[in-house]
Amino acid sequence: MKSINRSALATAILTALVPACVFAQPTSPDTRNQGYLVDGNGNVVMTDHTGMCVRDSDWTPARAVEPCVPARPRAAVVPPVVPAPVVAAVPPPVLAAPAPAPAAIPLAKKASFSADALFDFDKALLKPEGMAMLDDLVRQSAGLTYESIVLTGHADRFGGSQYNQKLSERRATAVKDYLVSKNIQAARIEAVGHGEKEPVTAVGACAGPRSAKVIACLQPDRRVDVEMTGTFGTVTSTR
């Protein structure tokens, strides 16, 4: 009877030593003697209200084991900072240099018109055929910026020198007046006469007294020379 009482008393004492507020948490065998209170089966004793392992006097942080180590909060995953794409500065377009304006083309034009084609013999009034010849000259010089036009009248050797000088001047002036009527500036035109002083026939080629044959031979000496100088601003060909 005394033996039974002693057994009952031992059971009561053991029950008193383990508080009702804790329960055993299974864990792996390697947690024995690691600073935690374990039960008879080697399971770590955990409190029922906090779920924390019960540590003994041998516990140190170095002996902490799962699941007794509080879960460490995971570090927030910070997405990598993607730098904004660098947009290279676009250089301004290189504008092509404007094409240079066509260079002005200097022109010096000389023409010689038979006085017999322009005028009747011994006259200074332009014939229709002579006007047509001058119209063609104006067309050929279209686009020309005139700098000067020199008209020089000539006569043959028949007649007095003073008469031939006046006749050559009148014929040059008649040509000038007609060109002015075609919108060529009068200030650009000079009309002069050289009489019979500048013949183009060879000396002795038309010898003899005045006759139809000799007059026809001297025809090249009866003329009006036209000399034009100027520039073409846009024309790329020369005449």
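Throughout, read-outs are computed from the coordinates displayed, never taken from laboratory work. The structure presented is a predicted model; accordingly, all values stated were derived computationally and were not measured. With ideal geometry, Cβ positions are generated from the backbone for all residues, glycine too; neighbour counts draw on all protein chains shown.
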Residues of region 193-229 satisfying the condition of being out of contact with any Pro (no Cβ under 6 Å at 6 or more places or on another chain), of a type in the set (Val, Ile, Thr) and surrounded by 12 or more Cβ atoms within 10 Å (Cβ to Cβ):
214, 215, 224, 226, 229
Could you please give the count of residues in region 129-159 that are without any contact (Cβ under 8 Å) to a residue 12 or more places away in the chain and under 41 Å from the mean Cα position of the chain (by Cα)?
2
Starting from residues that are under 52 Å from the mean Cα position of the chain (by Cα) and hydroxyl-bearing (Ser, Thr, Tyr), keep the ones in region 160-187 and report whichever is surrounded by the most Cβ atoms within 10 Å (Cβ to Cβ).
178
